[in-house]
2 protein chains.
Amino acid sequence: MALQAVGLDKFYRLINHGPTVMVSAKDGGVANVMSAAWACVVDYLPNPKVSVILDKAAFTRRLIEQSGYFALQVPFAKQANLVVAMGESRHDNPNKLTDNGVELFYADGFDIPLVAECSAYILCRLIAEPHNHEKHDLFIGEVLAAFADDRVFQDGRWQFDSVPDELHNLHYVAGGQFYITGKGLKVDKVLPF
Amino acid sequence: MALQAVGLDKFYRLINHGPTVMVSAKDGGVANVMSAAWACVVDYLPNPKVSVILDKAAFTRRLIEQSGYFALQVPFAKQANLVVAMGESRHDNPNKLTDNGVELFYADGFDIPLVAECSAYILCRLIAEPHNHEKHDLFIGEVLAAFADDRVFQDGRWQFDSVPDELHNLHYVAGGQFYITGKGLKVDKVLPF
């Protein structure tokens with residue numbers, strides 16, 4: 001496998017299908033990772049943007065507010081236990097990354113921590129909007145770069161129908177219940193988005 | 001089948017797994033429906049909220065701005081052709097609802113048009129926020145009520161593992177390519193959300 005850059009014209013495809021993500025950030029040498037089901041595309045090029053809801057109690061929220069940067073990563077189905085573990089707050093377990101064997105890495109040119117071995121990554125600069133942060137816990141980021149694992153995302157398309165279930169993505173519901181991304185379904189008439 | 005009310009404490013489960021939705025609204029006797037991949041939960045009770053991105057060119061956007069109400073509906077996989085058809089703008093085809101045989105209905109007490117035979121519905125009152133509408137095409141709604149088809153959502157849980165694929169949901173990527181909601185995966189340790 002190898003991570004490949006995904007053009008900003010196609011970054012939205014990495015989360016368009018609504019997968020559960022992990023959010024990562026770092027400030028003052030402290031990195032953290034949290035799981036989030038509430039992340040979404042906001043816009044394409046020429047203004048590529050994503051949104052994510054970050055509760056006021058989330059340790060990672062402060063790292064994002066202070067550093068101005070964050071990343072969304074799209075875990076594989078085989079990482080479901082890690083996603084659940086990253087749903088625990090670092091306020092409750094300061095060692096949650098090391099306890100769960102989380103390996104971080106960095107993409108060239110970006111000081112945003114990324115969780116190893118996910119299917120895709122979207123690196124963002126926070127658009128500071130105090131109203132949205134305070135009233136809705138809503139954080140919008142300008143997308144700076146995107147990467148995906150070429151086993152599952154090639155030529156701008158997910159390849160889920162040709163890989164085992166463990167390399168699909170996760171879709172969280174509640175109470176520890178996920179669904180994994182299922183079979184492909186193609187409609188010939190193409191939507192305008 | 002029968003539509004059952006879903007408590008506002010559990011409405012988020014209807015879209016937490018990231019399905020593609022259809023957005024509906026009505027103003028001045030004119031109803032419309034549009035497909036949207038960019039919809040998301042914003043908050044739980046006591047402030048149940050959802051977000052959806054509505055392009056400035058969308059006919060439905062104006063209906064929502066003028067009436068102050070909208071609904072999200074979660075289509076079944078078998079409705080994929082309808083979802084693609086509702087991706088066409090009413091500006092391009094004023095007859096898009098009748099041309100595609102869309103049947104609308106109303107829930108008691110709400111004057112928001114709903115598309116028949118979807119798996120779930122979330123009825124909302126728009127929170128007017130001109131900055132978010134203009135800058136991000138972002139519309140946030142307060143959730144007023146929710147309903148789901150009891151063949152696929154019972155006791156607050158989706159039942160996808162016990163129904164045929166055609167009764168799963170849709171997850172849109174791009175270019176007419178969807179994935180349907182796949183197999184369930186349960187992790188014993190429960191996330192705090």
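The values are calculated or read from the model by the stated rules, or taken from the named source; none is laboratory data. This one's a predicted model, so the numbers in the text were calculated from it and none came from an experiment. A quick note on method: Cβ atoms are made from the backbone with ideal geometry, for glycine too, and the neighbour counts reach across all protein chains shown. Note: accessible area is taken over every heavy atom of the protein model, side chains too, but ligands, DNA and RNA are not part of it. Shrake-Rupley method; radii C 1.70, N 1.55, O 1.52, S 1.80 Å.
Exactly one residue out of B:I112, B:I127 is in contact with a Leu (Cβ under 9 Å, 6 or more places away or on another chain) and of a type in the set (V, I, T), and it is B:I112.
Taken residue by residue, segment B:49-56 has no member that is modelled with pLDDT of 95 or more, more than 14 Å from every other protein chain (Cβ to nearest Cβ) and open to solvent by less than 20 Å² (accessible area, probe 1.4 Å). From the list B:I180, B:I140, pick out the single residue that is over 16 Å from B:T20 (Cα atoms), open to solvent by less than 30 Å² (accessible area, probe 1.4 Å) and modelled with pLDDT of 95 or more. Among B:I180, B:I140, only B:I140 is over 16 Å from B:T20 (Cα atoms), open to solvent by less than 30 Å² (accessible area, probe 1.4 Å) and modelled with pLDDT of 95 or more.
Scanning segment A:24-39 for residues being within 13 Å of chain B (Cβ to nearest Cβ) and either open to solvent by less than 10 Å² (accessible area, probe 1.4 Å) or over 13 Å from the mean Cα position of the chain (by Cα) (or both) gives a total of 2. Could we say that A:V42 is part of a helix (DSSP H, G or I), at the interface with chain B (Cβ under 10 Å from one of its Cβ atoms) and within 28 Å of A:D150 (Cα to Cα) here? In short, no.
Among the residues of segment B:138-177, those identified as out of contact with any Leu (no Cβ under 7 Å at 6 or more places or on another chain) and over 21 Å from B:C40 (Cβ atoms) are B:D150, B:Q154, B:D155, B:Q159, B:D161, B:S162, B:V163, B:P164, B:D165, B:E166, B:L167, B:G175.
Among the residues of segment B:143-155, which ones are open to solvent by 10 Å² or more (accessible area, probe 1.4 Å) and under 21 Å from B:G184 (Cα atoms)?
B:D150, B:R151, B:F153, B:Q154, B:D155 - these are the residues of segment B:143-155 that are open to solvent by 10 Å² or more (accessible area, probe 1.4 Å) and under 21 Å from B:G184 (Cα atoms).
If you go through segment A:97-132 and keep only what is without any contact (Cβ under 8 Å) to a residue 40 or more places away in the chain and either within 14 Å of chain B (Cβ to nearest Cβ) or of a type outside the set (F, W, Y) (or both), you end up with A:T98, A:D99, A:N100, A:G101, A:E103, A:D108, A:G109, A:A116, A:E129, A:P130, A:H131, A:N132. For segment B:114-137, the tally of residues that are under 13 Å from the mean Cα position of the chain (by Cα) and either surrounded by fewer than 18 Cβ atoms within 10 Å (Cβ to Cβ) or not β-branched (V, I, T) (or both) stands at 9. Filtered by the rule that a residue be surrounded by fewer than 21 Cβ atoms within 10 Å (Cβ to Cβ) and among the aromatic types (F, W, Y), segment A:2-23 gives no residues. It is to be established whether one or more residues within segment B:84-92 are among the β-branched types (V, I, T), touching a strand residue (DSSP E or B) at 6+ places or on another chain (Cβ under 7 Å) and touching a residue at least 12 places away in the same chain (Cβ under 8 Å). Taking every residue of segment B:84-92 in turn, none turns out to be among the β-branched types (V, I, T), touching a strand residue (DSSP E or B) at 6+ places or on another chain (Cβ under 7 Å) and touching a residue at least 12 places away in the same chain (Cβ under 8 Å).
Taking segment B:1-20 as the region of interest, how many residues are within 10 Å of another protein chain (Cβ to nearest Cβ) and either over 16 Å from B:F160 (Cβ atoms) or assigned to a loop (DSSP other than H, G, I, E, B) (or both)? Total satisfying the criteria: 8.
Taking the options B:V74, B:V33, B:V50, name whichever one is under 23 Å from B:G184 (Cα atoms) and among the β-branched types (V, I, T). On inspection, the qualifying residue turns out to be B:V74.
If you scan segment A:164-177, which residues turn out to be within 20 Å of the chain's Cα centre (by Cα) and surrounded by fewer than 15 Cβ atoms within 10 Å (Cβ to Cβ)? If the condition is that a residue be within 20 Å of the chain's Cα centre (by Cα) and surrounded by fewer than 15 Cβ atoms within 10 Å (Cβ to Cβ), then A:E166 is the only one that fits. Restricting B:D161, B:D111, B:D188, B:D92 to residues that are in a helix (DSSP H, G or I) and open to solvent by 10 Å² or more (accessible area, probe 1.4 Å) narrows the list to B:D161. If we scan segment A:162-179, do we find a residue that is within 11 Å of chain B (Cβ to nearest Cβ), over 30 Å from B:G156 (Cβ atoms) and not polar (S, T, N, Q)? For segment A:162-179, residues within 11 Å of chain B (Cβ to nearest Cβ), over 30 Å from B:G156 (Cβ atoms) and not polar (S, T, N, Q): absent. Per this entry, B:A71 is not counted among residues that are closer than 21 Å to B:W158 by Cβ and within 13 Å of another protein chain (Cβ to nearest Cβ). Within segment A:57-88, restricting attention to residues that are open to solvent by less than 40 Å² (accessible area, probe 1.4 Å), farther than 19 Å from A:A128 by Cα and in a loop (DSSP other than H, G, I, E, B), the residue that is modelled with the lowest pLDDT is A:G87.
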